[in-house]
Amino acid sequence: MRLQFKDTLKQLAEVNDKIVLILGDVSVYLFNDFKEKYPERFYNLGICENTIISAAAGLSSQGFLPFVHTITPFITERSYEQIKIDMCYNNFGCNILSWGASFDYAWDGPSHHCYTDVAILRLLPGIEVIVPGSNKEVATLLQSQYDNGKTTYFRLSNNMHGVDNFSVEFGKGVVVRDKGSKFTVMTAGPILKNVLEAAQGLDVNIVYFHTIKPIDTDLIKEFKHTGILVISDAFGLYEAICEVPQLRVTNYGLPERFCCCYGTIKDMQQEFGLDARSIRKAIETCFTATS
Amino acid sequence: MLKACHSIREHILRASFESGQGHIPSCFSIVEILYALYSVMNHRPENPHWENRDIFILSKGHGSLGYYCVLADFGYFDIKDVYSFGAYKSAFGCHADRLKIPGVEASTGSLGHGIGLGVGMALAMKIKKENRQVYVLVGDGEANEGSVWEAVLVAVSLNLSNFTILYDNNMSHQRGLQIHNPHKHFEGFGCDTYQVAGHDVEELKKHVAIKSGTVKVIVAETVKGYGCKTFTGNHYAWHRRSPNEQELQQLLKELHAASV
């Protein structure tokens, strides 16, 4: 997704001279071409996430379109107050693109794991929250949202769900599988890959979201008559879905504890029961209990 | 004390009395700084969004009532409107809001945000090659926030010669983490730093007008509550307190005595 971000940004910067890229000392080499081509629109401001957000808001106030990019927990959790006041309250629209979703930095431990970003950011009035699971989603949603005067958060990940055959439109959920079942799994972002593998042969509908805010409430309502199981490797999706009243909905995600082991993202998913095998068991258990 | 600064202080006292809100000693320490700045800055009160204007950000949000009274003095709005300060549905909140008040460029309140915002604005002007200036007023108490120093580091690394930090050294920091010799801190970061008598309008104006090759810092040596003996004797007791009628009369008497 980072490569797709680079390519899409390049295309956009060619046609829009208001775009400014601000890095927090991440992906610096990746954007060497951008730096050479647009030296006055490229700034690596170092590891100072609070100021990066404030400065991006200041640039926005003067008519620029800032793209801020650095590691997920630091640009979201550490800089939350700057995003809240300097960007959102002031109406200084910016694009924040984080890197390292959930357990992408598995080996770096709890400081680098980030699974609260979607949940906390979606609480801010006026913000848009996007959790892409494919390069197509990165490209399409960046193009459609980067210049709309709002703060838009893109949660970029190392991993992808591997499905490219559905259409992508901001704010629209996707019916990946409609079997007319009385059970529906709802999920978001790259973890769709595990969900698809887990649900093979099971009688369940699958609904997918790349846009968490605004969530596609119309689509959720279409499945209101079914039992819903939300599967996510981050907080925020379940809360967003639950804003639709009178659902029969169950959450399956992260437990109330830090993950203190290391290894790979696969190790993390196994630890938390988010690998395909564990998810299959969860779907079977949930829907057996509610049938 | 200049007549205008006396008048601004009188409005601060009366508006605080009317509303029951305000941080009067904090407002009193910045009256001359703001008056000098708005005397020198390029701005048009009748057209707050004039494209060639310089920009000011009040980072130390507690000073909002003083800021409003200065803006009113320069003609941004009627001073009578400010007397609704802090009231339900008033535009004049206890922290300045850019969406409600003409002339306010950024909504602040959480300390330690102003310099970072100013960095982005000054950088934007540099990119666009505009001959405009950005000024941010921070308090010494506020400078306990790490984001203040982080943003100074960035401002200097970007060599923002159109950026001025005004530092209200009114000894608020004494209650928290003390910052001794702040001018040396700013110098250490690479800023072009001046120590100025913070209630001397002419000195302040002279230093605001100085052109610099990099980030400029004016450390204004001020007195919290300057103008009324009651405040300067015990400004902590008055940090967030409004006078009753009897106290108002006493404070006005003290202000008048200090101004003649």
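The values are calculated or read from the model by the stated rules, or taken from the named source; none is laboratory data. All values reported here derive from a predicted model rather than from experimental measurement. With ideal geometry, Cβ positions are generated from the backbone for all residues, glycine too; neighbour counts draw on all protein chains shown.
Side notes on the structure shown:
- When B:C27 is tested against the conditions (1) assigned to a loop (DSSP other than H, G, I, E, B); (2) under 16 Å from B:W238 (Cβ atoms); (3) at pLDDT 95 or above, the lone failure is (1).
- Of all the residues in the range A:231-254, those that are charged (D, E, K, R), farther than 26 Å from A:D104 by Cβ and touching a strand residue (DSSP E or B) at 6+ places or on another chain (Cβ under 7 Å) number 1.
- Restricting the range B:96-117 to residues that are part of a helix (DSSP H, G or I) and at the interface with chain A (Cβ under 7 Å from one of its Cβ atoms), the residue that is surrounded by the fewest Cβ atoms within 10 Å (Cβ to Cβ): B:G116
- B:V215, sole failed condition from (1) farther than 23 Å from B:C27 by Cβ; (2) away from chain A (no Cβ under 14 Å); (3) among the β-branched types (V, I, T); (4) in contact with a helix residue (DSSP H, G or I) (Cβ under 7 Å, 6 or more places away or on another chain): (2)
- Being over 15 Å from the mean Cα position of the chain (by Cα), in contact (Cβ under 8 Å) with a residue 24 or more places away in the chain and more than 7 Å from every other protein chain (Cβ to nearest Cβ) is a property that B:E150 lacks.
- Members of the range A:198-249 that are within 28 Å of A:P73 (Cα to Cα) and among the acidic types (D, E): A:D216, A:D233, A:E239, A:E243
- Residue in the range B:83-95 that is touching a helix residue (DSSP H, G or I) at 6+ places or on another chain (Cβ under 9 Å), within 14 Å of chain A (Cβ to nearest Cβ) and not in a helix (DSSP H, G or I) present: yes
- Scan of the range A:157-195 for residues that are closer than 29 Å to A:I71 by Cβ, hydrophobic (A, V, I, L, M, F, W, C) and crowded, with 17+ Cβ neighbours inside 10 Å, ordered by number: A:M160, A:V168, A:F170, A:V174, A:M186, A:A188, A:I191, A:L192, A:V195
- Wholly within the range B:175-254, helices (runs of 4 or more DSSP H) carrying at least 3 residues that are farther than 30 Å from B:N162 by Cα: B:229-233
- Answer from A:G63, A:G100 - the residue that is at pLDDT 95 or above and within 14 Å of chain B (Cβ to nearest Cβ): A:G63
- Among residues that are under 23 Å from the mean Cα position of the chain (by Cα), surrounded by fewer than 24 Cβ atoms within 10 Å (Cβ to Cβ), more than 10 Å from chain B (Cβ to nearest Cβ) and under 20 Å from B:V154 (Cα atoms), A:D7 is not included.
- Among residues of the range B:118-129 that are more than 7 Å from chain A (Cβ to nearest Cβ), those with a Cβ under 9 angstrom from a residue that is of a type in the set (G, A, S) and surrounded by fewer than 21 Cβ atoms within 10 Å (Cβ to Cβ), sequence gap 6+ or separate chain, pair up as B:A122/B:S161; B:K126/B:S161; B:K128/A:G63.
- Whichever residue in the range A:72-93 is closer than 21 Å to A:L156 by Cα and of a type in the set (F, W, Y) and, among such residues, is nearest to the other protein chains (Cβ to nearest Cβ): A:Y80
- Some residue of the range B:60-77 being among the charged types (D, E, K, R), out of contact with any Asp or Glu (no Cβ under 7 Å at 6 or more places or on another chain) and within 14 Å of chain A (Cβ to nearest Cβ): no
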